[in-house]
Amino acid sequence: QQRSLSFLSDYRLNMESGDNSSTAELMSRYLSSELGYGVPKDGWRICLAHEFKEKRKPFQAKDVSLSNIVEHIGLGVRYLKWWYKKTQIEKKAPFIDMFRAIPLRQIYGAPLGGIGGGTITRGWRGEFCRWQLNPGMYHYKTVIANQFTVCLRRGGQTVYQQVLSVERPPTLQGWNWGYCGEYAFYHALYPRAWTVYPLPGQNVTLTCRQVSPVIPHDYQDSSLPVAVFVWDIENKNDYPLEVSIMLTMVNGSGHKDDKSGGHWNEPFHLEKEGESVSGVLLHHCTTVNPYTLCMAAREQSDREISHQTAFSPKGTCGALWSDLITDGRLDSPTGSNPPTQKGEKVAAALAVGCSVPAQGHNDLEFSLAWDMPNITFGSREREHVRRYTRFFGTKADAAPSLSHYALTHYRLWERSIEEWQRPILQDSSLPSWYKSALFNELYFVVDGGTVWTELPEDSDVSGGLRSEDGGLPAQPAIIKEYGRFAYLEGQEYRMYNTYDVHFYASFALIMLWPKLALSLQYDIAGSVVSCDPTERLHLMSGRNSPVKVKNVVPHDIGDPDDEPWQRVNAYLIHDTADWKDLNLKFVLQVYRDFHLTQDTQYLQDMWPICQAVMESEMKFDTDGDGLIENSGYADQTYDGWTATGPSAYCGGLWLASVCVMCKMARLVNNEAAFQRFRDILDRGSAAFDKLLWNGQYYNYDSSGQDLSNSVMSDQCAGQWFLRASGLGDGQFQAFPKEKICSALKSVFDLNVMSFAGGQMGAVNGMRPEGVPDHSSVQSDEVWIGVVYGLAAIMIHEGMLEEGLRTAEGCYRTVWERLGMAFQTPEAYCEKGIYRSLAYMRPLSIWAMQLALDTSPPRDQSPQTTTTPTDQAPQTTTTKPTETEGEPGQKESRDQGHIQ
């Protein structure tokens, strides 16, 4: 405790003196003093020459301890058999691959594109290196020919031509590679990113600004598969220059189907509403999920656009280089190229040029779009239509229109993004690292294998069970209007809408795209009242049980390599019908969502579903004391950490759920339900205190085993959701405030400050004597998303500095030490390993923002707090004015920030 108090004093001083340490190490090799054109102060900034010293390995089967191997030998044998059948016989990718984890590549930057239309990720050094065009399925391939090149001309002569890449590849030797990384830096503040190139010896600075249409409360433009690159050119010379930027792209994504044959390119020109765009279409004609890539630029009187329809991206490619160097433009042939032969690749180039006056500035714009309107998942059973087709059609001919729209609307997007981010960025009481973390972690909403589709006309979300019988409308209005949304548990854990994890991540959706959050809830509710009696083997227990039991919440809504929504519960390690947390997390989210949206129709529709899942949950209270028991295995989101009897985590979620059932019963005027749940809450709270409270914190569980008194970082998760829902005091209180504060202080002292020098966040489990709990593969891990949730409840309870310090450890570890930008993992240990890159749960950082927005003003003492009312906070994140229409008809957008 002394160390904690001393640290907090130092932390307060650091906050007062300014937070300048975030980028110091990452920028230490930057040699220029140029700061670029319009680059914001806050964000994640890194010199292109930076090298991360720490190289971590993914957690794999060989990392399991001997004691855990002995305990789980049956699981290992069953998994190996299942894995062999899946990969070698069915030729499918396993939903979790314990033998072929993705190796860490410390290269990723902000992804391109809006929500649910597929993504292309650019690395912070400029690579096009991570692809998710087929829904939910990733491949990690750097396509080296995909580059920007600059050409400077003075007095009709080319004086400088350079690929803006630090790479020196063995191919394309006719190009000038090897840009000096010490003279460039990357800056990300998602959904925008900047790369600054002070060209050595040229007195010219280029700033490339990357813009994607990811805009809170916008359900039209946010769905578009497009990005814009704006190149700001600063000429510090006393003479004018002609400057051209060339973008080269391969027809494909570096996948083996790039050589499958039949792909072709063509130039295009589109004039519409007084604006014209030109570029090249790259038609990628695969049998499954064909698409068109499109490079384009806006025609203006003082800009020159030229192109090369087709070139081969192998060999030296000297002809293309010479074409540009001759006069700063490309030949611009007419017509398309012949379709490629099998084994052949084809690429295209687009160049845009302008004059830049002496001591002056100009800019050039490019757009990149990809049009894959109709998609099938791995089973190929059904065709789905992406959300953006509502505005641009399903005929696979929208790439020119998408490009035109992007180039004529991106400034409006940027204005909306700036209005949304400004209140947070200008809040001087918030540290710089937090501002970077808050916005940059949002990448996963787009790059979580995300799909956003229209609801098929023949769909029935609840399997025929209507509202009057405890079900739902066949096509709930919110799904029909706003579509279906799904994102993966992680890029390596390939299950859509994994619900125990979404519980944490859901804050980003409900605060920024509340209609998508509610749509997802309706889909889950529909699955709750459905069943799939098909028997299958569960790998942990070795027993057969149904895929889906009625009136319990599913673990997930399916695998993108199968048929999501139609076949749920891709996860088959445990039988999650007996998990203790899933039903509770549904109830807690229902009320939290209602509290933030005040959508009474949603509450009415969800109330009977909540009653059904709570009824199913009652069976876990085996002794009738008002408190559920865990069943002696890992029966909750910590699916490798056994709990026995009443536990802090599931018991706390249970009491919080009973509390919100009381509140909802009052709102729907069901006095009998209120009295029933009030009685359970009173008895359960007494049992919870009696069985788990030890005077300082809640024990991990009540089994009485050697490690049952471990300190769990997530022990206050139930109170967290009550506070986020405006409850937790007075009539709707489940936990004594003084005990919650004591527990949080214990977690801060032990799990945070006694772990890794207080520099890595909170370890999941800590022994009271100050060493991590090594009893399972998960108890000695740090789960970033859990830490952000822990920080949120600390802030709710008036422990602002502790909360910020706790979360800061995770941000600095992931983004600054381990090189895991834009691939935040589920977990890391103190040394050596990490687990599951690019994971959903860290979106819970938006729970911190909700806590900040609904807590006392930050000029007050952090120990003081106010009593939350049951009124929804005045918010512009959850009640925008939405309108739908054709492209060009804009809905009104409010700031994505709770006031």
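The values are calculated or read from the model by the stated rules, or taken from the named source; none is laboratory data. All figures in this text were calculated on a predicted structure; none of them were measured in a lab. Cβ: placed from backbone, ideal geometry, glycine included. Neighbour counts: every protein chain shown. For accessibility, only protein heavy atoms count, side chains too; no ligands or nucleic acids. Shrake-Rupley method; radii C 1.70, N 1.55, O 1.52, S 1.80 Å.
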(request) Collect the residues in region 406-443 that are among the hydroxyl-bearing types (S, T, Y) and either touching a strand residue (DSSP E or B) at 6+ places or on another chain (Cβ under 7 Å) or open to solvent by less than 10 Å² (accessible area, probe 1.4 Å) (or both), keeping them in residue-number order. (result) T408, Y410, Y434, S436, Y443
(request) Determine whether region 784-797 contains at least one residue that is in the same structural domain as A437 (by the TED database), out of contact with any His (no Cβ under 9 Å at 6 or more places or on another chain), closer than 24 Å to S65 by Cα and surrounded by 20 or more Cβ atoms within 10 Å (Cβ to Cβ). (result) yes
(request) Mind listing whichever residues of region 355-375 are more than 15 Å from T292 (Cα to Cα), of a type in the set (S, T, N, Q) and open to solvent by 30 Å² or more (accessible area, probe 1.4 Å)? (result) S355, Q359
(message) Six or more apart or on different chains, Cβ atoms under 6 Å: show the pairs whose first residue is in region 727-740 and over 14 Å from G652 (Cα atoms) and whose second is polar (S, T, N, Q).
(response) D729/T867
(request) With the checklist (1) surrounded by fewer than 19 Cβ atoms within 10 Å (Cβ to Cβ); (2) more than 30 Å from the chain's Cα centre (by Cα); (3) charged (D, E, K, R) in hand, flag the one item K745 doesn't pass. (result) (2)
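Suppose the filter is open to solvent by 20 Å² or more (accessible area, probe 1.4 Å), at pLDDT 95 or above and farther than 23 Å from P825 by Cα; does L80 pass it?
no
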(message) With the condition being surrounded by 23 or more Cβ atoms within 10 Å (Cβ to Cβ) and among the hydrophobic types (A, V, I, L, M, F, W, C), I'd like the helices (runs of 4 or more DSSP H) fully within region 460-536 carrying at least 3 qualifying residues.
(response) 499-512, 514-528
(request) Kindly establish whether T158 is part of a loop (DSSP other than H, G, I, E, B) and open to solvent by 10 Å² or more (accessible area, probe 1.4 Å). (result) no
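When you check L691 against the structure, is it in a helix (DSSP H, G or I) and crowded, with 24+ Cβ neighbours inside 10 Å, yes or no?
So L691 does not fit the description; no.
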(request) Please go through region 133-155 and pick out each residue that is assigned to a loop (DSSP other than H, G, I, E, B) and basic (K, R). (result) K141
(request) Kindly state which strands (runs of 3 or more DSSP E) lie completely within region 251-352 and contain at least 1 residues that are open to solvent by 30 Å² or more (accessible area, probe 1.4 Å), assigned by the TED database to the domain that holds V150 and β-branched (V, I, T). (result) 304-311
(message) touching a strand residue (DSSP E or B) at 6+ places or on another chain (Cβ under 8 Å), more than 23 Å from Y160 (Cβ to Cβ) and of a type in the set (A, V, I, L, M): is that true of L324 in this structure?
(response) no
(request) Check off (1) assigned to a strand (DSSP E or B); (2) surrounded by fewer than 19 Cβ atoms within 10 Å (Cβ to Cβ) for T171 and give me the number that stays unchecked. (result) (1)
(message) Step by step: first the residues of region 217-246, then only those that are in contact with a strand residue (DSSP E or B) (Cβ under 9 Å, 6 or more places away or on another chain) and charged (D, E, K, R), then the one that is least open to solvent (accessible area, probe 1.4 Å). Which residue is that?
(response) D232
(request) Pairs only if they're at least six apart or on different chains, beta carbon under 6 angstrom, first in region 359-387 and farther than 19 Å from F485 by Cα, second among the polar types (S, T, N, Q); list them, first residue then second. (result) G360/N235; S367/S403; A369/S403
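Rundown of residues vs (1) under 30 Å from E275 (Cβ atoms); (2) in contact with a Leu (Cβ under 9 Å, 6 or more places away or on another chain), yes/no style:
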{"site": "T394", "(1), (2)": "yes, no"}
{"site": "A398", "(1), (2)": "yes, no"}
{"site": "H404", "(1), (2)": "yes, yes"}
{"site": "T408", "(1), (2)": "yes, no"}
{"site": "R415", "(1), (2)": "yes, no"}
{"site": "D427", "(1), (2)": "no, yes"}
{"site": "W452", "(1), (2)": "yes, yes"}
{"site": "R466", "(1), (2)": "no, yes"}
(request) Scan region 32-46 residue by residue and report those that are out of contact with any Pro (no Cβ under 9 Å at 6 or more places or on another chain) and part of a loop (DSSP other than H, G, I, E, B). (result) L35, Y37, G38, V39, P40, K41, D42, G43
